[in-house]
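The structure appears below as structure tokens.
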Amino acid sequence: MDAAEFRKRGKEMVDYIADYLEKIDKRQVFPDVEPGYLRPLLPDCAPQDPESFEDVFKDIEKIIMPGVTHWHSPYFFAYFPAASSFPALLADMLCGGIGCVGFSWAASPACTELETVMLDWLGKMINLPEEFLAGKDGQGGGVIQGSASEATLISLLAARTKTIRRVQSEKPELTEADIMGRLVAYASDQAHSSVERAALIGGVKIKNVSSDDTFSVCGSALKKVLDEDKASGLIPFFFCATLGTTPCCSFDKLLELGPICNKENIWMHIDAAYAGSAFICPEFRHLLNGVEFADSFNFNPHKWLLVNFDCSAMWVKKRSDLTGAFKLEPLYLQHHHQESGLVTDYRHWQIPLGRRFRSLKLWFVLRMYGVTGLQEHIRKHVRLSHQFEHLVLQDERFEVCAEVVLGLVCFRLKGSNELNKALLKSIDEAKKIHLVPCHLREKFVLRFAICSRTVESTHIKFAWQHISQLATDLLKTWE
């Protein structure tokens, strides 16, 4: 494919994507395929000779689309939003076209410097304390990670290194292995599984801290487990607080937890993967109060801020805490500006070496929507979640199982877990809308997340009428 054909085919692909997104509501949100559907549709081996673009293009609808779950459908209410917008898609095209691998400033100065500035822009939008911003000469700063899971792992590993060095300076007789065997990380019993996974990768113990009746961790619960572990000779070193938990969007009490972590030399990381985008709205910013006690903070613009995957924003108060844990300087990666103090080499802030020019997506979206446009997007989703909550509460057969704060409603039929599993099975089999469940304590609960950029009140009404009718049919047979 030469440049001339690329121009032609590129326009065709843009038209195809625009048509796909404009008419996505006409597609069944969840596919009608069984595991292994795709292999019989493809040859056993790659083609020996080149095939035409037309042949590849026609197979998109024939082979790929039948197995796609349409995340951007207005009937998709599962998981959390997967953000997307036309400005972000155009920026991703430019990112692919430039094709730089921005592991250091010298590898592509614009790639590094735009990221630093965009994370400052974003930090100011949510009113992050000054210490988290790079500015012209700050000690903190932001970085784009691939996911919140990566941000949690990075912060845990940095905390581990920092703690080992501190303890060894206080007790030189202890080896690194001695200390590693006693380190303990903590997170809410509602925290995402990626926190436990980070501890597995980091080779440290992890303990759940019990949440209260609102599914939030409070200071007294953390202090209790810390006192017990310290009395047993363990070394608490890391706590992951969650703002907007995956099961029900609950919020840990930062103003109680932060001072405890600071006093006990425990690194506090805040995972606000979904909820963090809402903090650009002044009416939701109070949910972030206490961030000033944290060592690191993360949320995903690729969930709710119209920036398509992957774009996970992470900030640290002291970037030396990260670079001190991961910095290696082989000659082939060195450059003559690295000791100037004026540049950032993001390879020291992450697990992989290579990185894409992801800040282009933020730059396009922040400029073309503006803060007010993004605030309206968030507020619309919150309004729609309260519309759905109101519909649920009007039906005495159902209950809402957690406070609706942002764009997630947790609800269920009053009755057994088996009844609610049967209701979800009916929803899954009908394939009109897509939901996923969670457990809140002993209850099997259905999660209804407002996800699509194009979702409207009519889609909420349709979803509720559909769920209500399936519940009516189910209860007749259940009785």
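The values are calculated or read from the model by the stated rules, or taken from the named source; none is laboratory data. Everything numeric in this text was worked out from a predicted model, so none of it was measured. Counting neighbours? That spans all protein chains shown, and the Cβs are built from the backbone with ideal geometry, glycine included. Just so you know, the surface numbers come from the protein's heavy atoms only, side chains and all, with ligands and any DNA or RNA stripped out. Shrake-Rupley method; radii C 1.70, N 1.55, O 1.52, S 1.80 Å.
Suppose only helical runs count, i.e. DSSP H with n ≥ 4. What mean residue ellipticity at 222 nm does that imply for the chain under -39500 (n - 2.57) per run, divided by all residues and rounded to the nearest 500 deg cm²/dmol? Each step should come with its number before you reach the end.
Working: 14 runs with 201 residues, N = 479.
Per the formula, -13500 deg cm²/dmol.
Taking Cβ atoms as reference points and 11 Å as the exclusive limit, the residues near Ile280 contribute a net charge of +1, counting Lys and Arg as +1 and Asp and Glu as -1. Taking a ≥ b ≥ c as the square roots of the eigenvalues of the Cα gyration tensor, the chain is oblate, since a/c reaches 1.5 or more and a/b is not larger than b/c.
Measuring nothing but protein heavy atoms, the accessible surface of segment 100-356 at 1.4 Å probe radius is 55 percent carbon and sulfur. Listed by chain and number, the aspartates and glutamates whose C-alpha is less than 13 Å from the C-alpha of Lys230, apart from same-chain residues fewer than 8 away, are Glu264. With Cβ to Cβ distances under 14 Å as the rule, what net charge do the other residues near Arg383 carry (K, R +1; D, E -1)? Once all neighbours under 14 Å are counted, the net charge is -1.
Give Lys124/Lys380; Lys253/Lys318; Lys205/Lys361; Lys303/Lys327; Lys136/Lys327; Lys136/Lys380 a once-over and call out the pairs whose C-alpha atoms are over 28 Å from each other.
On the way: Lys124/Lys380 22 Å; Lys253/Lys318 23 Å; Lys205/Lys361 37 Å; Lys303/Lys327 30 Å; Lys136/Lys327 22 Å; Lys136/Lys380 36 Å.
The answer is Lys205/Lys361; Lys303/Lys327; Lys136/Lys380.
Can you work out the accessible area per residue across the chain, with the rest of the protein chains kept in place, probe 1.4 Å, in square angstrom? Don't skip to the answer; put the middle values down first.
On the way: 22470 Å² over 479 residues.
The answer is 47 Å² per residue.
Which shape class, rounded, prolate or oblate, goes with segment 2-124 when its Cα gyration tensor gives a ≥ b ≥ c as root eigenvalues, a/c under 1.5 marks rounded, and past that a/b bigger than b/c marks prolate? Intermediate values should be presented prior to the final figure.
Details: a/c = 2.02, a/b = 1.33, b/c = 1.51.
Oblate is the answer for segment 2-124, as a/c is 1.5 or above yet b/c matches or exceeds a/b.
Of the GluC sites (Glu not before Pro) in segment 35-140, the ones in a loop by DSSP (not H, G, I, E or B) with at most 14 other beta carbons within 10 Å are Glu51.
Can you work out the FRET efficiency for the pair Phe462 and Ala46, with r the C-beta to C-beta distance and R0 = 35 Å, to the nearest 0.05? Don't skip to the end; give the middle numbers.
Values: r = 43 Å, r/R0 = 1.24.
The computed FRET efficiency comes out at 0.20.
Report the local net charge at Pro247: Lys and Arg +1, Asp and Glu -1, summed over other residues whose C-beta lies under 15 Å from its C-beta. For residues surrounding Pro247, the net value is -4. Here Lys443 is the anchor, and the lysines within straight C-alpha reach of less than 23 Å, apart from those fewer than 8 places off in the same chain, are Lys207, Lys414, Lys421, Lys425, Lys476. Close Lys pairs in segment 3-84 (alpha-carbon distance under 19 Å; sequence gap of 8 or more, or different chains): 6. Rounded if a/c is under 1.5, else prolate if a/b beats b/c, else oblate: with a ≥ b ≥ c from the C-alpha gyration tensor eigenvalues square-rooted, which is segment 193-339? Oblate shape, in that a/c is at least 1.5 and b/c is the bigger or equal ratio. Remark: segment 346-430 is approximated by an ellipsoid whose semi-axes, taken from the C-alpha gyration tensor as √(5λ), come to 39, 21, 11 Å, largest first. Packing, as the average of other Cβ atoms within 10 Å across residues, places the peptides 73-81, 31-39, 177-185 in the order 73-81, 177-185, 31-39, highest first. Counted over segment 100-356, the DSSP beta bridges are approximately 35% antiparallel.
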